[in-house]
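**Student:** Dumping the structure here so I can ask a few things about it.
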Amino acid sequence: MAVILDGKALAKTIRQQVAAEAAALPRRPGLAVILVGEDPASQLYVRNKEKDCQQCNIQSFEHKLPADTTEETLLTLIAQLNNDPAVDGILVQLPVPPHIHEKRILRAICPDKDADAFHPENVGEMVTGNPVVWPCTPFGVMELLRAYHIPVAGKHCVVLGRSNIVGKPMALLLLRDNGTVTVCHSGTGDLAAETRRADILVSAVGKVGLVSADMVKEGAAVIDVAMNRGPDGNFCGDVDFAAVKQKAGWITPVPGGVGPMTRAILMRNVLAASKARQRLKK
Ligand code: GUN
């Protein structure tokens with residue numbers, strides 16, 4: 001029976017650490033969150049971020065814009081926030097409406113204030129060096145692995161999904177810790193053959209029932225990044241949790257696994273950006 005990786009508990013510990021460190025800074029760190037449109041899931045994420053900021057002694061600046069906001073208006077707001085000394089982190093909730101070019105928006109955020117680490121400059125740092133911040137979800141996964149002493153070096157790590165937000169940076173982080181990494185995607189031929197070799201399996205696809213017990217190696221660490229609505233209307237991940245937990249060594253629940261970690265790492269990214277900026281000013 002697998003050990004359940006309690007992301008909720010670890011996230012709480014991280015929030016407490018961030019709160020203590022933020023309180024000790026000369027100036028409170030600030031996070032600006034921009035939400036364009038009324039997508040209910042995005043609205044919920046943004047509400048949660050505000051709650052997290054309160055708990056972490058981080059000032060939250062919310063900018064809720066209507067769905068028909070022009071790209072120019074959004075770029076103007078980002079330029080203002082780039083120049084606002086009270087703002088250490090800027091996050092534009094994705095997805096943005098289709099008439100707005102996501103790439104152009106992410107490029108406009110000052111790389112030093114890029115709370116998500118989605119700016120091309122930070123992506124380059126991830127590939128070649130040591131960025132100040134990493135994307136929140138994959139870094140949260142690494143923190144979970146570390147907290148439960150799950151070894152990565154020399155292990156076979158299989159990542160399902162190749163998104164810029166999760167799959168690609170996840171692969172880079174596992175590689176940085178000396179894992180042997182395979183990235184699978186919709187074009188992968190025999191998915192089960194790949195997943196069965198995994199000591200660490202990370203699924204970030206968004207497909208209910210994608211990972212069944214016969215696809216998992218005995219004793220593997222199974223990390224479920226997805227947040228889907230199951231047939232019963234409840235949240236579930238990509239992994240058949242009930243069956244896979246009988247076989248895996250470690251497994252994340254959905255909800256309560258990776259999700260809370262993503263939010264906690266965002267708070268830590270803002271703290272890191274703020275520390276870097278406050279040091280620079282001295
Ligand atoms: N939408 C879904 N996940 C994320 C995320 O990690 N960051 C941002 N900005 N938007 C998202």
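**Student:** Restricting attention to the stretch 62-74, and to residues there that are surrounded by fewer than 16 Cβ atoms within 10 Å (Cβ to Cβ) and either touching a residue at least 60 places away in the same chain (Cβ under 8 Å) or not β-branched (Val, Ile, Thr) (or both), which single residue is nearest to Arg277 (Cα to Cα)?
**Tutor:** Residues of the stretch 62-74 surrounded by fewer than 16 Cβ atoms within 10 Å (Cβ to Cβ): 62, 64, 66-68, 70, 72-73.
This time we only want the ones that are either touching a residue at least 60 places away in the same chain (Cβ under 8 Å) or not β-branched (Val, Ile, Thr) (or both), so: 62, 64, 66-68, 72.
On the way: Glu62: 21, Lys64: 26, Pro66: 31, Ala67: 32, Asp68: 34, Glu72: 27 Å.
Among those that are surrounded by fewer than 16 Cβ atoms within 10 Å (Cβ to Cβ) and either touching a residue at least 60 places away in the same chain (Cβ under 8 Å) or not β-branched (Val, Ile, Thr) (or both), it is Glu62.
**Student:** Would you mind stating whether Pro95 is within 15 Å of the ligand (Cβ to nearest atom) and either at pLDDT below 95 or not polar (S, T, N, Q) (or both)? It would help to see each step written out before you state the result.
**Tutor:** Details: within 15 Å of the ligand (Cβ to nearest atom): yes; either at pLDDT below 95 or not polar (S, T, N, Q) (or both): yes.
The answer is yes for Pro95.
**Student:** All but one of (1) outside any helix (DSSP H, G or I); (2) over 16 Å from Lys275 (Cα atoms); (3) among the small types (Gly, Ala, Ser) hold for Ala86; which doesn't?
**Tutor:** (2)
**Student:** Out of (1) surrounded by 14 or more Cβ atoms within 10 Å (Cβ to Cβ); (2) within 15 Å of the ligand (Cβ to nearest atom); (3) farther than 30 Å from Ala242 by Cβ, what's the single condition that is false for Arg28?
**Tutor:** Here Arg28 clears every test but (2).
**Student:** In this structure, is Val152 closer than 19 Å to Thr252 by Cβ, touching a strand residue (DSSP E or B) at 6+ places or on another chain (Cβ under 8 Å) and assigned to a loop (DSSP other than H, G, I, E, B)?
**Tutor:** Details: closer than 19 Å to Thr252 by Cβ: yes; touching a strand residue (DSSP E or B) at 6+ places or on another chain (Cβ under 8 Å): yes; assigned to a loop (DSSP other than H, G, I, E, B): yes.
In short, yes.
**Student:** Right, here's the next one. Give the residues of the stretch 50-80 that are over 22 Å from the mean Cα position of the chain (by Cα) and either assigned to a helix (DSSP H, G or I) or of a type in the set (Lys, Arg) (or both), sorted by residue number.
**Tutor:** Restricting attention to the stretch 50-80, the residues satisfying the condition of being over 22 Å from the mean Cα position of the chain (by Cα) are 65-77, 79-80.
Glu71, Glu72, Thr73, Leu74, Leu75, Thr76, Leu77, Ala79, Gln80 - these are the residues of the stretch 50-80 that are over 22 Å from the mean Cα position of the chain (by Cα) and either assigned to a helix (DSSP H, G or I) or of a type in the set (Lys, Arg) (or both).
**Student:** Considering the stretch 33-57 alone, what residues qualify as being within 16 Å of the ligand (Cβ to nearest atom), touching a residue at least 60 places away in the same chain (Cβ under 8 Å) and in contact with a Leu (Cβ under 9 Å, 6 or more places away or on another chain)? Let's see the steps before the verdict.
**Tutor:** So the first thing to find is which residues in the stretch 33-57 are within 16 Å of the ligand (Cβ to nearest atom), and the list is 33-50, 52-53.
Narrowing the set further to residues that are touching a residue at least 60 places away in the same chain (Cβ under 8 Å) leaves 33, 36-37, 48-49, 52-53.
Val33, Val36, Gly37, Lys49, Asp52, Cys53 - these are the residues of the stretch 33-57 that are within 16 Å of the ligand (Cβ to nearest atom), touching a residue at least 60 places away in the same chain (Cβ under 8 Å) and in contact with a Leu (Cβ under 9 Å, 6 or more places away or on another chain).
**Student:** Spot the failing condition for Leu25; the list is (1) assigned to a loop (DSSP other than H, G, I, E, B); (2) free of Cβ contacts under 8 Å to residues at least 60 places away in the same chain; (3) touching a Ser or Thr at 6+ places or on another chain (Cβ under 8 Å), and only one is missed.
**Tutor:** Among (1) assigned to a loop (DSSP other than H, G, I, E, B); (2) free of Cβ contacts under 8 Å to residues at least 60 places away in the same chain; (3) touching a Ser or Thr at 6+ places or on another chain (Cβ under 8 Å), the lone unmet condition for Leu25 is (2).
**Student:** If I filter the stretch 115-164 down to residues being crowded, with 21+ Cβ neighbours inside 10 Å and of a type in the set (Gly, Ala, Ser), which single residue comes out as farthest from Met215 (Cα to Cα)?
**Tutor:** Going through the qualifying residues, I end up with Ala115.
**Student:** Could you figure out which of (1) of a type in the set (D, E, K, R); (2) under 14 Å from the mean Cα position of the chain (by Cα); (3) under 26 Å from Val216 (Cβ atoms) isn't true of Arg146?
**Tutor:** Among (1) of a type in the set (D, E, K, R); (2) under 14 Å from the mean Cα position of the chain (by Cα); (3) under 26 Å from Val216 (Cβ atoms), Arg146 violates only (2).
**Student:** In the stretch 195-211, how many residues are surrounded by 19 or more Cβ atoms within 10 Å (Cβ to Cβ) and closer than 19 Å to Lys247 by Cβ?
**Tutor:** The total comes to 9.
**Student:** Let me ask something else about it. Identify, from the list Ala248, Ala273, the residue that is touching a strand residue (DSSP E or B) at 6+ places or on another chain (Cβ under 6 Å) and assigned to a loop (DSSP other than H, G, I, E, B).
**Tutor:** Details: Ala273 fails: assigned to a loop (DSSP other than H, G, I, E, B).
None of the others qualify; the one that does is Ala248.
**Student:** Also, quick follow-up: Quick check on Leu174: is it over 14 Å from the mean Cα position of the chain (by Cα), assigned to a helix (DSSP H, G or I) and closer than 28 Å to Arg107 by Cα?
**Tutor:** Numbers: over 14 Å from the mean Cα position of the chain (by Cα): yes; assigned to a helix (DSSP H, G or I): yes; closer than 28 Å to Arg107 by Cα: yes.
When the stated conditions are applied, Leu174 passes them.
**Student:** Can you pull out the residues in the stretch 109-142 that are under 11 Å from the mean Cα position of the chain (by Cα) and either part of a helix (DSSP H, G or I) or more than 16 Å from the ligand (Cβ to nearest atom) (or both)?
**Tutor:** Hits for the stretch 109-142 are Cys136, Thr137, Pro138, Phe139, Gly140, Val141, Met142.
The values are calculated or read from the model by the stated rules, or taken from the named source; none is laboratory data. Quantities reported herein were computed from a predicted structural model and do not represent experimental measurements. All Cβ positions, even for glycine, are placed from backbone atoms using ideal geometry, and neighbour counts span all protein chains on display.
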